[in-house]
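First the structure, in the form of structure tokens, and then the observations on it.
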Amino acid sequence: MRELVPTQRIPRGPGPVASLPGDPQPLGRVSLVRGSADKATVDEVLDGTYTDAVVVVHDGRVVLERYAGEMASDTPHLLMSISKSVVSCVVGNLVERGRLSPDQLITDHVPELGSSGYRGATLRNVLDMRSGVDFSEDYTDLNAEVRLMEEAMGWRPPSARKVPPSMYAYLTTLGGAGAHGGVFDYRSCETDVLGWVCERAASTRMADLISEFVWSPMGADHDAEITCDGVGTAIHDGGMCATARDLARFGMMLLGDGEVAGRRIVPGAWLRESWTVDPDVRDAFARSVSEPYLPGGWYRNKFWFVPRAHGDVLLCLGINGQMLYVAPSTGTVAAKLSSWPDAQSSTMLEDTLRAFDAAGAVLAGIAADDPQRHGPPGVAAGLSRGRIDGRLPSLGSGAKTRFRLIYPVRLI
């Protein structure tokens, strides 16, 4: 990306690298049933979904690692909207430090948005993509707001349309379409507004905030990067670039309830709030266009959640096939970087989820047809269901405990 557009470095810092010891397992041969009802193996799904790199970690060890084409373990790859989840971790730290509050108005920090559709919106509205701003994320429509914003940020060449020459300037032109706090509507502009708020609250640019709060303390092996527009504004919604291994480390931190080797990286309360779904959050998702693709799911604090066969799963997703899969019920983290020919594919998304579900079940010793699951299928009740004082609930008498929310990550 740095050869195409401006980027800013996200330093990994001088600290130790979080260890990722290898323990290869024959997961490629694990069988599954695709969404089409055809049988396949994990390898066949990876081959058929334009995989550039994949790293699967179980109990802190790399059990599957593959690279294709020019990719290697030290090659950075555009994360697309997985970047949003990283920004969320920055927000969680700023909230804990009293610099931000989800109840604050956006305009408390960015008064320039006072005449836009964001007038009256709170941080909570944009964290959960429930503002009333008028913005279309239709990637197939070249005139949709998401495509115009790409032009403002320099990801598309200039056109005859009158588009401001910077991302923040473009955000001020967005109008309103309805009341804030309504149905979940996926809009990348929400995270760019949130990033602007973070930079104002901390008086620090996003690249350095990510380095300070996430990338350096979690033990990344390589510097990351984030693309920026022509005036140096980071593309908060999808511009981050990192290696597959470091993305897996980010996932391990999330699986570890925000901790790495006993070090707190992201506030536990922030992640627990994300995992918790109340009727309002669930209803906002159920009425959205995303419900058919991730049935029973919810979206909270820039993370996706969906009930799967063996438990609720946290997802960080980006267009063209970027995915971070975190399954506490099987202790599995999977980072997949791809080059889908289309921005979105419900078939490839579901097949990838089924492949990681199947691999995680094998790793955790769960039979593929095991009827026990964390919550009924298609109904999201949240990881915190039955949680008392932050502890995971009992699964009942005779049930196997499958949760591995926190495990040690060694630093070298």
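The values are calculated or read from the model by the stated rules, or taken from the named source; none is laboratory data. Because the structure is predicted, anything quoted here is derived from the model rather than measured. Positions of Cβ are backbone-derived with ideal geometry, glycine not excepted, and every protein chain shown enters the neighbour counts.
Brief remarks follow.
- Within region 145-164, being within 15 Å of Asp192 (Cβ to Cβ) and part of a loop (DSSP other than H, G, I, E, B) holds for Gly154, Trp155, Val163, Pro164.
- For region 87-101, the criterion of a residue being polar (S, T, N, Q), surrounded by 15 or more Cβ atoms within 10 Å (Cβ to Cβ) and under 27 Å from Trp155 (Cβ atoms) is satisfied by at least one position.
- Some residue of region 248-260 being under 30 Å from Ser101 (Cβ atoms) and among the β-branched types (Val, Ile, Thr): yes
- Identification of strands (runs of 3 or more DSSP E) wholly contained in region 279-357 with 2 or more residues that are under 16 Å from Tyr186 (Cβ atoms) and under 14 Å from the mean Cα position of the chain (by Cα) yields 298-300, 303-308, 311-318, 322-327.
- Answer residue from region 25-48, given it is free of Cβ contacts under 8 Å to residues at least 24 places away in the same chain, out of contact with any Gly (no Cβ under 6 Å at 6 or more places or on another chain) and within 21 Å of Ser338 (Cα to Cα) and is surrounded by the most Cβ atoms within 10 Å (Cβ to Cβ) among those: Glu44
- Filter result for Arg124 (at pLDDT below 95, surrounded by 15 or more Cβ atoms within 10 Å (Cβ to Cβ) and in a helix (DSSP H, G or I)): no
- A count restricted to region 210-269 and to residues that are outside any helix (DSSP H, G or I), among the hydrophobic types (A, V, I, L, M, F, W, C) and under 19 Å from Gly331 (Cβ atoms) stands at 5.
- Any chance Asp38 is in contact with a Leu (Cβ under 9 Å, 6 or more places away or on another chain) and more than 24 Å from Val214 (Cα to Cα): no
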